[in-house]
Every structure is written in C-alpha cells, then in structure tokens.
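Asks: Dropping the structure in here first, questions after.
The values are calculated or read from the model by the stated rules, or taken from the named source; none is laboratory data. Please read these numbers as outputs of a predicted model, since none were measured by experiment. Positions of Cβ are generated from backbone atoms using ideal geometry, with glycine treated the same way; all protein chains shown enter the neighbour counts.
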Amino acid sequence: MASGLETILALEVPVIVQIAERIMTVDEVSVIAPGAIIELPKSANDDLEILVNNKTIGTGNAVKVGENYGIRVTFLGDLDDRITALGTGSGKGA
C-alpha cells in the first residue's frame, strides 16, 4: 500500500496563482489590443490566491526570484481542504 501512496504523492497538479478577476463585456474584450491596460479591482498590496483544481487553497504575496516571479505563502488551508481540492468530484466544501 505504501507504494500506492508514493505514486499518488508523486502526481503533478497545476497550481494557479490568480492576481485578480474582472468581468468584461464581449465588446470590451473584442477591442483589447497589444499595449492595452486592463485595470483589475485589486490593490497591488493585496494577497494573491493560490488555486489547485480551480479551488483556493491559500494566499500569498508576489515576490521576485532572480528573473522569475514567485509567491510567498501567507496562508494555507488545512490539509483536508487541500486534499479535497485535488478531487474533481463532490466532496467536503464542493
């Protein structure tokens, strides 16, 4: 059974860091061009959401790591919530 658990723990899942979300009309989206700025309803100092399977599992602050961006985790939900987020079906919190 341990090898089954090791296999599951080795699975790779996409982790999304969401800056913000904004609703726009189709007309507004159709006129977006390179160089356009889309204002987001969030302060630059606000925490960013960390999502797995489109479910928020925590929050953090954007940081620069060399030439890349990273996220410093400031809050993480409990392990049960993180495991539930990995599932696609209904479960606790779904």
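Asks: Select from the stretch 39-74 the residues that are among the acidic types (Asp, Glu) and within 13 Å of GLN18 (Cα to Cα) and write down the one among them that is surrounded by the most Cβ atoms within 10 Å (Cβ to Cβ).
Replies: GLU49
Asks: If you check every pair at least six apart or on different chains, which have Cβ atoms under 7 Å apart with a residue in the stretch 20-39 that is more than 28 Å from ALA62 (Cα to Cα) first and a residue that is modelled with pLDDT under 95 and of a type in the set (A, V, I, L, M, F, W, C) second?
Replies: Every condition considered, no pair remains.
Asks: Look at ILE38 and say whether it is within 28 Å of GLY87 (Cβ to Cβ) and in contact with a Lys or Arg (Cβ under 9 Å, 6 or more places away or on another chain).
Replies: On the way: within 28 Å of GLY87 (Cβ to Cβ): no; in contact with a Lys or Arg (Cβ under 9 Å, 6 or more places away or on another chain): yes.
When the stated conditions are applied, ILE38 does not pass them.
Asks: As an exercise: evaluate PRO14 against (1) touching a Lys or Arg at 6+ places or on another chain (Cβ under 8 Å); (2) loosely packed, with under 11 Cβ neighbours inside 10 Å; (3) not acidic (Asp, Glu) and give the number of the one condition it does not meet.
Replies: (1)
Asks: Would you pick out the residues in the stretch 30-64 that are of a type in the set (A, V, I, L, M, F, W, C) and closer than 18 Å to PHE75 by Cα? Before the answer, list the steps.
Replies: Quick first cut of the stretch 30-64, residues of a type in the set (A, V, I, L, M, F, W, C) only: 31-33, 36-38, 40, 44, 48, 50-52, 57, 62-63.
If the condition is that a residue be of a type in the set (A, V, I, L, M, F, W, C) and closer than 18 Å to PHE75 by Cα, then ALA44, LEU48, ILE50, LEU51, VAL52, ILE57, ALA62, VAL63 are the ones that fit.
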